Structures are given as structure tokens and as C-alpha cells.
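All remarks here apply to the structure that follows.
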Amino acid sequence: AQTVTQSQPEMSVQEAETVTLSCTYDTSESNYYLFWYKQPPSRQMILVIRQEAYKQQNATENRFSVNFQKAAKSFSLKISDSQLGDTAMYFCAFVLTQGGSEKLVFGKGTKLTVNP
Amino acid sequence: DVKVTQSSRYLVKRTGEKVFLECVQDMDHENMFWYRQDPGLGLRLIYFSYDVKMKEKGDIPEGYSVSREKKERFSLILESASTNQTSMYLCASSGQGAIGANVLTFGAGSRLTVL
């Protein structure tokens with residue numbers, strides 16, 4: 001089975017500190033895409049960062065970066081200099097190819113609270 | 001700014017009612033998706049569509065159907081609503097081609113309560 005696992009249901013961090021959200025996945029594919037999505041309270045889901053598996057360099061978007069360990073099938077998200085606006089649900093997602101169709105499979109999410 | 005618009009943000013329906021959740025995108029996207037979001041379960045795919053009049057089942061299609069008569073509109077239908085369908089429903093769309101290469105854009109969600 002190809003799945004996505006987020007082992008931390010909830011996390012909290014102090015403003016300006018760094019926090020890392022973990023994600024592991026399982027796939028038999030050699031090339032694929034991984035994503036982190038953010039869902040602020042009562043607001044829509046938006047993309048935080050995307051990683052292509054064939055690229056060895058970890059993706060970075062401003063304060064957000066990933067630690068992609070392909071052999072370990074690990075895809076963690078690091079948020080540096082945390083801000084109050086980072087409070088949200090964070091979902092790790094993976095593109096699953098099945099029966100000729102592609103679909104995005106999500107983990108169960110991590111609720112992150114940034115405290116002042 | 002590109003948008004995915006879900007017609008109803010909050011709905012309250014009674015058991016047995018037929019429910020329509022509408023989703024419209026203005027990005028000329030080929031791919032459209034309906035997800036269900038529940039606490040502790042994350043997002044689960046109900047149905048998706050790669051083209052007009054085309055649909056494919058996702059992971060939890062039971063109790064749901066969909067309609068895509070026009071490219072910009074993807075409707076989710078609950079033929080006979082039940083209390084276990086109380087949930088947040090998210091619509092998303094992406095451009096032509098591989099999903100990984102085309103980021104999903106989500107709507108704001110429709111929170112359905114079935115009494």
C-alpha cells in the first residue's frame with residue numbers, strides 16, 4: 001500500500017523559534033512528487049512547498065524548507081522563525097499513481113500552534 | 001486571482017435529503033477533485049474527474065455521485081444524506097497533465113451537517 005504518515009497530531013512552538021513536522025511515506029515508484037499543504041483556521045488549503053523525488057536538493061520557500069530523505073522515505077517540513085500566522089493544520093501529501101490515474105493522497109495532518 | 005469557488009460554505013440538511021455541493025473554477029483546469037475532511041482522518045478522495053463528462057472513483061465513493069457537464073463545474077451529489085456524511089467537503093482543481101507538476105488549488109470548503 002502506498003500511504004502517507006504524519007506521526008505528530010499536534011505540535012506547538014514559540015514565536016520566532018524553529019519547528020519540524022515529520023512525514024513518512026511508502027511507495028514503490030522511483031519518481032514522484034511530495035507536498036506540504038497548509039490550512040489556516042477557517043481558511044482554504046494552500047501549497048507550502050513541493051519536492052520532486054529525482055531532485056536531490058531539498059526544496060526551500062522562504063522560512064519553509066524540507067528535509068527529503070529518499071532512502072528513508074522521509075519528508076519533514078522545517079519552519080524557521082515561526083510566526084503567529086503559521087498556526088494551521090499542515091498536511092503532507094504524495095502523488096499516487098494507480099491504474100493509470102493519478103491522485104493526491106494526504107496524511108492525517110499535524111495541528112501546529114504558534115504561541116506568542 | 002485564480003479561484004475555486006464552492007457555492008455553499010455551510011449547509012444543514014435532514015437525513016434522506018438529496019444534497020448538491022457545487023464547485024466552479026475559473027482557471028480552465030482539466031482536473032477536478034472532491035475530498036472529504038474529518039478530524040483525525042485527514043483528507044480522503046471521494047471522486048475526481050480528468051475531463052468533461054468523465055469521472056473516476058476515489059477512496060470513499062460510497063453514498064456519493066458526481067456530475068461534470070461543463071469543464072468549469074464539478075458537482076458532488078449525496079443521493080440520500082445520512083448523519084455519517086456530516087463533514088467538511090473540499091473541492092480542488094489542477095491543470096492538464098501530471099498532478100505533481102500541476103499544483104492543486106482548493107476551494108474554501110463546504111461544511112455539511114446532516115441532522
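The values are calculated or read from the model by the stated rules, or taken from the named source; none is laboratory data. Predicted model only: the values in this text are computed from it and were never measured. Backbone-built Cβ (ideal geometry, glycine too); neighbour counts: all protein chains shown.
Considered as a group, the residues in the stretch B:57-80 that are out of contact with any strand residue (DSSP E or B) (no Cβ under 8 Å at 6 or more places or on another chain) and part of a strand (DSSP E or B) include one that is farthest from residue B:14 (Cα to Cα), and that residue is B:70. Among the residues of the stretch A:76-116, how many are assigned to a strand (DSSP E or B) and either at pLDDT 95 or above or farther than 26 Å from residue B:56 by Cβ (or both)? Of the residues in the stretch A:76-116, 15 are assigned to a strand (DSSP E or B) and either at pLDDT 95 or above or farther than 26 Å from residue B:56 by Cβ (or both).
Of everything in the stretch B:3-29 that is over 13 Å from the mean Cα position of the chain (by Cα) and within 12 Å of another protein chain (Cβ to nearest Cβ), the residue that is surrounded by the most Cβ atoms within 10 Å (Cβ to Cβ) is B:3. Looking across the stretch A:25-63, the residues that are assigned to a strand (DSSP E or B), within 14 Å of chain B (Cβ to nearest Cβ) and of a type in the set (S, T, N, Q) come down to A:39, A:51.
Filtering the stretch A:11-57 to residues that are in contact with a Leu (Cβ under 8 Å, 6 or more places away or on another chain) and among the aliphatic types (A, V, I, L, M) leaves A:11, A:13, A:19, A:21, A:45, A:47, A:48, A:49, A:53.
Results for (1) out of contact with any strand residue (DSSP E or B) (no Cβ under 9 Å at 6 or more places or on another chain); (2) more than 12 Å from every other protein chain (Cβ to nearest Cβ); (3) modelled with pLDDT under 95, shown as yes or no for each residue.
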| site | (1), (2), (3) |
| --- | --- |
| B:46 | no, no, no |
| B:55 | no, no, yes |
| B:82 | no, yes, no |
| B:97 | no, no, yes |
